[in-house]
Every structure is written in C-alpha cells, then in structure tokens.
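Read-outs throughout are calculated quantities, based only on the coordinates presented, and are distinct from any laboratory measurement. None of the values given here were measured: they were computed from a predicted structure. Counting neighbours? That spans all protein chains shown, and the Cβs are built from the backbone with ideal geometry, glycine included.
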Amino acid sequence: MLHAHCIMHVPFEGPGCVEEYLLEKDYSLTFTRIYEKVTFPEVDDVDFLLIMGGPMSVYDEDEYPWLREEKDFIRAVIQAGKKVLGICLGSQLIAEVLGAKVYPNAVKEIGWFPVTKTESGKTSALIADFPVTSEVFHWHGDTYDLPAGCAHLFISNECCHQAFEYQGRVVGLQFHLETVPELLEAMIENGLHEMNVGGKCVQTVTEIKQNYLLSLKTNRLMNSLLDKLIKTNN
C-alpha cells in the first residue's frame with residue numbers, strides 16, 4: 001500500500017476532497033498536525049506529501065520556529081524524489097525550499113477569482129484537463145518568485161505566480177482546489193478578521209457563499225491533477 005502524509009498548520013485548513021481521493025485510491029493517510037505536535041515521519045515512509053495552508057507566512061520563523069523543521073522535512077522529501085503537492089502556504093514553503101523568495105503580494109486575494117494558464121501551463125501534462133481559465137477559490141496574502149527549474153502554470157490579474165511544477169512530481173498551488181463547503185465555512189469563520197479589512201480582491205461572505213457550487217468543479221480539477229501527479233510510483 002502506498003502511503004500519503006498530510007501536514008496541517010491549522011485545524012480549519014484540511015485536505016478536503018484530497019483525503020477522499022487518496023482513500024479511494026487505497027493510500028494509507030497519516031497527518032502531522034502542527035497545532036498539536038510537530039513530528040514528521042521518516043522520508044522513506046512517504047510516497048506522497050500534501051502540505052496545506054495556514055495564516056502564517058514562511059518568513060515568520062521567529063514566531064513559529066517549527067517552520068525551520070518543516071522546511072527541512074519538505075526539502076528532504078523533494079530531494080528523495082517523492083511526489084509533493086503544496087496548497088497556499090504549502091506552495092510558498094515549497095517555493096522557498098527550492099530557492100525562491102516569498103513576500104507579500106500587492107493585494108490579498110480572498111474569494112472566487114479566475115486563474116489562466118501560462119504558455120508553459122498550456123503544455124503541462126499535469127493540468128492538461130484544465131480549461132485555459134478556471135474560477136477558483138483564493139485565500140492568500142503572500143506570493144513568490146518562480147523557483148529555478150520550475151514551470152510556471154497559472155497567472156491571475158493580481159498575482160503572477162499562481163502555480164508551478166518541478167520535475168513533473170512537485171506542484172505548488174496558491175489557490176484552493178480542495179475546498180468543500182464545510183472547509184469554506186471553517187475558513188470564513190476563522191478568517192473574518194482578514195475579510196473585514198476589505199480590498200479590491202476580497203469578496204464578502206455572501207459573495208463567497210453564493211459560489212459554493214463551484215467547489216464541485218474545482219474538486220474535479222483537483223482529482224484530475226492528482227490522477228496525473230501520482231500515476232507512477234517512482
């Protein structure tokens with residue numbers, strides 16, 4: 001049996017539809033819940049690593065010293081040739097581990113906004129089933145430069161680097177394809193203080209909830225990405 005491991009930074013940003021997908025594919029699934037205990041498995045025991053989001057930033061090491069240990073673990077998993085998917089903060093951690101700078105974006109993106117394939121994205125086998133433009137859910141304030149050796153996959157009007165892939169086996173997504181309505185409810189409940197600040201790319205609770213059904217489409221896109229990302233065992 002193949003083994004997947006998920007790193008969660010806060011209890012309200014879980015794996016969503018990814019957990020159901022992995023269990024249906026007969027993966028075993030374990031968790032590092034940073035907010036409970038910072039422990040990581042042996043790298044050799046991991047076939048697929050999923051790194052979730054969170055309100056902290058990768059450069060907040062003084063406030064969250066466990067970030068150093070997590071980055072070391074992610075780096076070791078990537079160097080071991082494993083499959084890795086990072087979402088939001090997870091993608092930012094991968095970007096830094098691969099040598100890129102992570103920093104605040106010009107604006108926060110919170111809500112349903114489109115992302116569009118780049119030219120390299122249009123030729124990527126991992127996202128071959130994605131339309132050129134997709135309406136997806138965002139909740140991030142940071143961005144990053146494209147790490148060296150990575151393919152740039154998606155762009156949005158307000159954030160250049162929305163997704164990248166590395167060697168066809170490591171993917172970073174700024175946006176959330178995993179969200180199901182329950183996750184969205186939890187993210188809103190715990191993130192109202194960010195939404196109340198406002199901004200041109202911060203939707204209201206009502207606007208976000210009116211588009212819950214978009215999760216069905218984004219979950220299908222996530223499943224397609226996972227199909228291609230983990231189709232081989234090497």
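Output yes when any residue across region 222-234 is part of a loop (DSSP other than H, G, I, E, B), buried (at least 18 other Cβ atoms within 10 Å of the Cβ) and of a type outside the set (Lys, Arg), and no when none is.
For region 222-234, residues part of a loop (DSSP other than H, G, I, E, B), buried (at least 18 other Cβ atoms within 10 Å of the Cβ) and of a type outside the set (Lys, Arg): present.
I'd like the residue in region 78-128 that is of a type in the set (D, E, K, R) and in a strand (DSSP E or B) and, out of all such residues, is nearest to residue 59 (Cα to Cα).
Among those that are of a type in the set (D, E, K, R) and in a strand (DSSP E or B), it is 108.
Yes or no: residue 131 of a type outside the set (Asp, Glu) and either surrounded by 18 or more Cβ atoms within 10 Å (Cβ to Cβ) or part of a strand (DSSP E or B) (or both)?
For residue 131, the condition - of a type outside the set (Asp, Glu) and either surrounded by 18 or more Cβ atoms within 10 Å (Cβ to Cβ) or part of a strand (DSSP E or B) (or both) - is not met.
Tell me which residues, restricted to region 120-154, are β-branched (Val, Ile, Thr) and within 15 Å of the chain's Cα centre (by Cα). Spell out the reasoning first.
Within region 120-154, the subset β-branched (Val, Ile, Thr) is 123, 127, 132-133, 136, 143.
Correct list: 127, 136, 143.
Can you tell me how many residues in region 53-77 are free of Cβ contacts under 8 Å to residues at least 60 places away in the same chain, under 22 Å from residue 139 (Cα atoms) and assigned to a loop (DSSP other than H, G, I, E, B)?
Number of matching residues: 7.
What number of residues within region 34-52 are part of a helix (DSSP H, G or I) and within 18 Å of the chain's Cα centre (by Cα)? Don't jump to the end; show me each part of the working.
So the first thing to find is which residues in region 34-52 are part of a helix (DSSP H, G or I), and the list is 43-45.
Next, from what is left, pick out any that are within 18 Å of the chain's Cα centre (by Cα): none.
Counting residues in region 34-52 that are part of a helix (DSSP H, G or I) and within 18 Å of the chain's Cα centre (by Cα) gives 0.
Read through the list (1) surrounded by fewer than 18 Cβ atoms within 10 Å (Cβ to Cβ); (2) in contact (Cβ under 8 Å) with a residue 24 or more places away in the chain; (3) touching a helix residue (DSSP H, G or I) at 6+ places or on another chain (Cβ under 9 Å), then give the number of the only condition that residue 192 fails.
(2)
Looking only at region 78-129, which residues are more than 22 Å from residue 16 (Cβ to Cβ), among the polar types (S, T, N, Q) and touching a residue at least 40 places away in the same chain (Cβ under 8 Å)?
Within region 78-129, 105, 116, 124 qualify.
Considering only region 136-151, state which residues are farther than 16 Å from residue 93 by Cβ and either out of contact with any strand residue (DSSP E or B) (no Cβ under 6 Å at 6 or more places or on another chain) or part of a loop (DSSP other than H, G, I, E, B) (or both).
Listed by number, the residues that qualify are 148, 149.
Can you tell me which residues in region 152-179 are hydroxyl-bearing (Ser, Thr, Tyr), within 16 Å of residue 88 (Cβ to Cβ) and either assigned to a strand (DSSP E or B) or out of contact with any helix residue (DSSP H, G or I) (no Cβ under 9 Å at 6 or more places or on another chain) (or both)?
Listed by number, the list holds a single entry, 156.
Give region 3-33 a look and list any residue that's surrounded by fewer than 17 Cβ atoms within 10 Å (Cβ to Cβ), among the aliphatic types (A, V, I, L, M) and not in a strand (DSSP E or B), or say none.
Once the filter is applied, which keeps residues that are surrounded by fewer than 17 Cβ atoms within 10 Å (Cβ to Cβ), among the aliphatic types (A, V, I, L, M) and not in a strand (DSSP E or B), region 3-33 yields only 23.
Just give me the residues in region 205-220 being in contact with a helix residue (DSSP H, G or I) (Cβ under 8 Å, 6 or more places away or on another chain) and touching a residue at least 24 places away in the same chain (Cβ under 8 Å), in sequence order.
Answer for region 205-220, where residues must be in contact with a helix residue (DSSP H, G or I) (Cβ under 8 Å, 6 or more places away or on another chain) and touching a residue at least 24 places away in the same chain (Cβ under 8 Å): 208, 209, 212, 215, 219.
In region 196-214, what residues are closer than 12 Å to residue 138 by Cα and in a helix (DSSP H, G or I)? Break it down stepwise before answering.
At the first step, the residues of region 196-214 found to be closer than 12 Å to residue 138 by Cα are 201-203, 208.
The one that is closer than 12 Å to residue 138 by Cα and in a helix (DSSP H, G or I): 208.
Select from region 111-139 the residues that are closer than 19 Å to residue 167 by Cβ and in contact with an Asp or Glu (Cβ under 7 Å, 6 or more places away or on another chain) and list them in ascending order.
Scanning region 111-139 gives 124, 126.
Could you tell me whether any residue of region 104-113 is crowded, with 18+ Cβ neighbours inside 10 Å, of a type in the set (A, V, I, L, M) and in contact with a strand residue (DSSP E or B) (Cβ under 7 Å, 6 or more places away or on another chain)?
The answer is yes; a qualifying residue exists.
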